[in-house]
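These notes concern the structure reproduced below.
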Amino acid sequence: MTIMNQFEEEVRSKVSDALKGMGADIDFVTELPSVDTADLAVPCFTMSKALRKAPQAIADELASAIQPSGLVASVTSVNGYLNFCMDGGALVKGVLDDIIASDGDFRAPATGLRVNVEHTSTNPTGPIHVGRARNPIIGDTLARCLKRCGHDVTTEYYVNDVGKQVVILTWGVENVPDDVADAEAEEHARNAGHEKERDKTDHRLVAKYRVANKRMESEPEVQEEIADMLRRFEAGDQEVIGTVRRTAEAMLGGLKETLSNINVSLDRYTWESGFIADGSARDVVERLKVTPYSGQTEDGAWYIDLKDFGI
């Protein structure tokens, strides 16, 4: 019997004894509450007829008659519900005991529910730093927990290979020599007060991105080249999209290496550029333009007004 089954049995026993103390021997149900303030709840609405009292009055009387003990840490009455919280220490110990008893195969029966967990999705324009590292850790942990709960889980990385940043990176890869990128990496390390970045694909490429970004800000012709690449990309130019994709794939290789070091792997990689290349993004935009919620600013930019939807 799992710790949760034991908890439910204890709750049922306490409620039954309290009802008998009120002179009633009636059936009742337990349910998982929709709020996170309790671990198990007993609705008192079906008891009203037999006890000739309002549900809240019944919940109040039962709560005052039940003393927390064993697995039950607290008992409260809220809006006609009798709410029970489980002792946290007992829950942790019980789950660990269940895991040990399962001999390494601790999982719930299959639920038939399909779950997609999209996580990490770090932009392919630089290495995964400590701030970004929390997403794969949280996402992978959540996916593993959902699998153990019996769900059919798929993990997905949404690759943002669209936009100005990835185009700047691509221009840098195409135009910045390795020795210039190496010099930038060394200068960046000195200014930051740490050692030069590792000889790893994503670290090498981000140096080229920094060089390209500086040149774009100081050299009008570079700025125009990058702007032209971005325009062609957004217009669906297959050559530019392919070049950007190859750069993003190289950067993603370095990101995958980092993820593998913490034992994180993903089932599916969905590329945002695919929705540009196949025209589906443009199709969505055109369909939105003809809705009554669309409009244009004075400079011609389109927008969607969502106030009618409470947004």
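A few notes on this one:
- Residue among Leu142, Leu169 that alone is surrounded by 13 or more Cβ atoms within 10 Å (Cβ to Cβ) and within 30 Å of Gly236 (Cβ to Cβ): Leu169
- Val180 vs. criteria part of a helix (DSSP H, G or I), at pLDDT 95 or above and among the aliphatic types (A, V, I, L, M): no
- Criterion violated by Glu174 - all others in (1) charged (D, E, K, R); (2) over 30 Å from Arg282 (Cβ atoms); (3) touching a helix residue (DSSP H, G or I) at 6+ places or on another chain (Cβ under 8 Å) satisfied: (2)
- No other residue among Ala248, Ala189 is of a type in the set (A, V, I, L, M), in a helix (DSSP H, G or I) and surrounded by fewer than 20 Cβ atoms within 10 Å (Cβ to Cβ) apart from Ala189.
- Some residue of segment 216-239 being in contact with a His (Cβ under 7 Å, 6 or more places away or on another chain) and either in the same structural domain as Arg114 (by TED's automatic domain parsing) or not in a loop (DSSP other than H, G, I, E, B) (or both): no
- Test: residue in segment 95-111 that is in contact with a Phe, Trp or Tyr (Cβ under 7 Å, 6 or more places away or on another chain) and at pLDDT 90 or above: no
- Scanning segment 39-56 for residues that are surrounded by 20 or more Cβ atoms within 10 Å (Cβ to Cβ) and touching a strand residue (DSSP E or B) at 6+ places or on another chain (Cβ under 8 Å) yields Asp39, Leu40, Ala41, Val42, Cys44.
- Residues in segment 148-176 that are of a type in the set (D, E, K, R) and under 15 Å from the mean Cα position of the chain (by Cα): Glu156 only.
- Meets criteria (touching a Gly at 6+ places or on another chain (Cβ under 7 Å) and closer than 20 Å to Thr120 by Cβ) for Lys147: no
- Here is the figure for segment 266-284: residues that are exposed (fewer than 12 other Cβ atoms within 10 Å of the Cβ) and either in contact (Cβ under 8 Å) with a residue 24 or more places away in the chain or more than 30 Å from Ala143 (Cβ to Cβ) (or both) total 3.
- Residue identified as under 21 Å from the mean Cα position of the chain (by Cα), in a helix (DSSP H, G or I) and either among the small types (Gly, Ala, Ser) or over 30 Å from Val153 (Cβ atoms) (or both) among Ser265, Ser260: Ser260
- The residues of segment 176-195 that are free of Cβ contacts under 8 Å to residues at least 12 places away in the same chain and over 18 Å from Pro127 (Cβ atoms), listed by number, are Pro177, Asp179, Ala183, Arg190.
- The one condition in (1) modelled with pLDDT of 95 or more; (2) in a helix (DSSP H, G or I) that Ile276 fails to fulfil: (1)
- Where helices (runs of 4 or more DSSP H) sit wholly within segment 38-114, those with at least 3 residues that are within 30 Å of His151 (Cα to Cα) occupy 88-101.
The values are calculated or read from the model by the stated rules, or taken from the named source; none is laboratory data. This one's a predicted model, so the numbers in the text were calculated from it and none came from an experiment. Cβ: placed from backbone, ideal geometry, glycine included. Neighbour counts: every protein chain shown.
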